[in-house]
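Comments concern the structure below.
The values are calculated or read from the model by the stated rules, or taken from the named source; none is laboratory data. Not measured: the values here are computed from a predicted model. When we count neighbours, we look across all protein chains shown, and the Cβ atoms used for this are built from the backbone with ideal geometry, even at glycine.
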Amino acid sequence: MTKPNVYGHIKSGRAITDRDVGKLAAEAEAGYDVDGLIARRNKRGRPMIGASRASPESIRLTPNSGASCSSELSMRALPRRS
């Protein structure tokens with residue numbers, strides 16, 4: 001039995017074989033849904049807050065203010081991001 005050709009590895013470490021290349025070639029030859037790909041393009045990254053992209057800001061809090069914020073976040077079941 002001959003070893004299959006290996007053309008690299010995917011992220012999980014599994015080898016890319018002739019079978020995988022054939023599947024990808026068939027998918028490419030069948031054509032892609034360009035509108036679907038374009039629609040997905042802007043879905044990456046953090047979700048928008050409001051109508052437009054928000055900018056991340058850093059602030060300093062006193063220990064009491066930080067504790068108050070943490071308490072409020074816990075009551076609202078929101079994660080605290082640092």
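Quick look at the numbers
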{"item": "Tally of residues being under 30 Å from R53 (Cβ atoms) and surrounded by 10 or more Cβ atoms within 10 Å (Cβ to Cβ) across the stretch 1-43", "result": "2"}
{"item": "Total residues in the stretch 60-78, condition of a type outside the set (V, I, T) and either in contact with a Gly (Cβ under 8 Å, 6 or more places away or on another chain) or part of a loop (DSSP other than H, G, I, E, B) (or both)", "result": "5"}
{"item": "Positions within the stretch 32-81 being at pLDDT 75 or above and either of a type in the set (V, I, T) or touching a helix residue (DSSP H, G or I) at 6+ places or on another chain (Cβ under 6 Å) (or both), in sequence order", "result": "V34, I38, I59, T62"}
{"item": "Odd one out for I49 among (1) over 28 Å from V6 (Cβ atoms); (2) surrounded by 10 or more Cβ atoms within 10 Å (Cβ to Cβ); (3) hydrophobic (A, V, I, L, M, F, W, C)", "result": "(2)"}
